[in-house]
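Note sheet for the following structure.
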Amino acid sequence: MSEERNYVIHPLYIIITLVLAGVTSLFIGFTVAYVYSRVQNGLPPVELPPLFFINTIFLVAASFLLVRTKRAYLDDETRMYKVFLWIVFGLTILFLIFQIIAWQQMLAMNISIAGSNLGSYLYVISGIHFLHVIAGIPFLGYFIYDARRRLVEPASVLVYLSDPDKKRRLTVLSVYWHFLDGLWIFLILFFLINRFI
């Protein structure tokens with residue numbers, strides 16, 4: 001069994017910090033470009049479809065349940081840990097399905113990529129967020145698979161729950177998910193505030 005190296009800051013935390021900094025820069029760039037295009041061309045703001053608000057509920061619920069998931073992990077509540085992971089997965093899939101339907105709502109509202117400069121920003125911004133949610137699914141799936149495989153007998157449960165790397169990875173997953181949640185809320189507020197400016 002190999003010994004764990006001691007780091008001042010673990011490389012996983014550095015990686016997630018750099019990833020989130022890059023994603024933040026990307027979305028700041030798109031939102032600034034949106035405002036610039038809108039002001040420069042004197043265009044009215046884009047109307048958000050109603051499903052964007054329902055999707056916010058899915059993401060906030062998933063984020064809340066990831067907090068509960070981590071708490072269940074720390075409290076050795078293996079059954080609830082697995083249940084919460086599955087619910088977070090289900091809420092994430094619902095978010096993705098509803099996002100596709102929301103884009104169809106946008107088309108029904110005559111907001112298309114080709115027909116509206118500001119509409120194209122909304123598609124691109126929400127599409128990039130969508131891709132980042134998809135990028136998190138394999139990591140969430142890994143936790144579900146690993147928990148199902150290893151949380152079956154007392155010895156493997158003990159090893160699983162005392163693994164510092166597992167705890168660290170769960171923390172990184174939670175940070176990523178909370179970031180996506182916060183980013184979505186920022187985007188919703190950004191487009192809402194733009195309606196009044």
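The values are calculated or read from the model by the stated rules, or taken from the named source; none is laboratory data. Just so it is clear, the model here is predicted, and its values are computed rather than measured. Don't worry about glycine lacking a Cβ; one is built from the backbone with ideal geometry, like all the others, and counts go over all protein chains shown.
Looking at (1) surrounded by 16 or more Cβ atoms within 10 Å (Cβ to Cβ); (2) without any contact (Cβ under 8 Å) to a residue 40 or more places away in the chain; (3) in a loop (DSSP other than H, G, I, E, B), which is the one condition that is false for V8?
(1)
Looking at segment 79-197, what helices (runs of 4 or more DSSP H) fall wholly within it and have at least 3 residues that are closer than 25 Å to V23 by Cα, modelled with pLDDT under 95 and in contact with a His (Cβ under 6 Å, 6 or more places away or on another chain)?
Passing ranges: none, list empty.
Collect the residues in segment 135-154 that are farther than 20 Å from L91 by Cα and in contact (Cβ under 8 Å) with a residue 40 or more places away in the chain, keeping them in residue-number order.
The answer is L151, and nothing else.
Among the residues of segment 62-70, is any assigned to a helix (DSSP H, G or I), small (G, A, S) and in contact (Cβ under 8 Å) with a residue 12 or more places away in the chain?
yes
Of everything in segment 32-54, what is part of a helix (DSSP H, G or I) and crowded, with 17+ Cβ neighbours inside 10 Å? Give them in sequence order.
Y34, R38, L51, F52
I'd like the full set of residues that are within 15 Å of F191 (Cα to Cα) and without any contact (Cβ under 8 Å) to a residue 12 or more places away in the chain, limited to segment 101-126.
Matches in segment 101-126: S120 only.
So, in segment 168-197, exactly how many residues are farther than 20 Å from T24 by Cβ and surrounded by 14 or more Cβ atoms within 10 Å (Cβ to Cβ)?
3
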